[in-house]
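Enquirer: I have a structure I would like to understand better, so I am pasting it below and will then ask my questions one at a time.
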Amino acid sequence: MIQAFNYNELMAKINDKMNEKMGYSAISQGTQGEASEYPFFTYEIINAHIGIGATDNVSGEVFEMLIEYDAHVSDVATSDDDMFAGSTGAATLANNLRKFFTISDIKNWAFSNSFPIVDVSDITDTTNIISMQVERSAGFQVRLRIKDDFQENKEFINN
């Protein structure tokens, strides 16, 4: 059986580090189940494989991927000092996670785990117009460079 790059393992590793450093992890966007309590993060792999044109090999292929992270908050403050409510709360929470991906400690950790952080985009409002009376969200994208550990088994013909 072919066993190429495992995206689940990568996202679990990133989630574990987020939880360790921030006290939050992210759930896959569109996951079925009970709704999370606010605030929370979601992620979606926007592009799982972006060829970088540097190699044409199958074994040990290097490629990039794009992940979108969104911070979700309630549109209604639960107290007078609730800093994670409304559109400014979503932007603040998204900015906290964006900083997580830009600090040297995390960049070094990602590099040492074979998925260097190539780029982190600006934060944009990602609020869904259908649910904006209940929830606000803001997000950004992270671009990672991946080296697949897949090895092609080649059969050679000997003369």
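The values are calculated or read from the model by the stated rules, or taken from the named source; none is laboratory data. Given the structure is predicted, the values throughout are model-derived calculations rather than measurements. Positions of Cβ are generated from backbone atoms using ideal geometry, with glycine treated the same way; all protein chains shown enter the neighbour counts.
Enquirer: What number goes with the only condition from (1) at pLDDT below 95; (2) in contact with a helix residue (DSSP H, G or I) (Cβ under 6 Å, 6 or more places away or on another chain); (3) not hydrophobic (A, V, I, L, M, F, W, C) that residue 139 does not pass?
Expert: (1)
Enquirer: Is it the case, given these coordinates, that residue 140 is part of a strand (DSSP E or B) and surrounded by 13 or more Cβ atoms within 10 Å (Cβ to Cβ)?
Expert: In short, yes.
Enquirer: Now for a separate question. Please give the number of the condition residue 133 fails out of (1) within 28 Å of residue 61 (Cβ to Cβ); (2) surrounded by fewer than 12 Cβ atoms within 10 Å (Cβ to Cβ); (3) among the polar types (S, T, N, Q); (4) modelled with pLDDT under 95.
Expert: Here residue 133 clears every test but (1).
Enquirer: Before we move on, is residue 12 touching an Asp or Glu at 6+ places or on another chain (Cβ under 8 Å) and within 17 Å of residue 115 (Cβ to Cβ)? So that I can check it myself, show each step before the final result.
Expert: Working: touching an Asp or Glu at 6+ places or on another chain (Cβ under 8 Å): no; within 17 Å of residue 115 (Cβ to Cβ): yes.
For residue 12, the condition - touching an Asp or Glu at 6+ places or on another chain (Cβ under 8 Å) and within 17 Å of residue 115 (Cβ to Cβ) - is not met.
Enquirer: Limited to region 1-16, what total is found for residues that are more than 12 Å from the chain's Cα centre (by Cα) and in contact (Cβ under 8 Å) with a residue 24 or more places away in the chain?
Expert: Total satisfying the criteria: 4.
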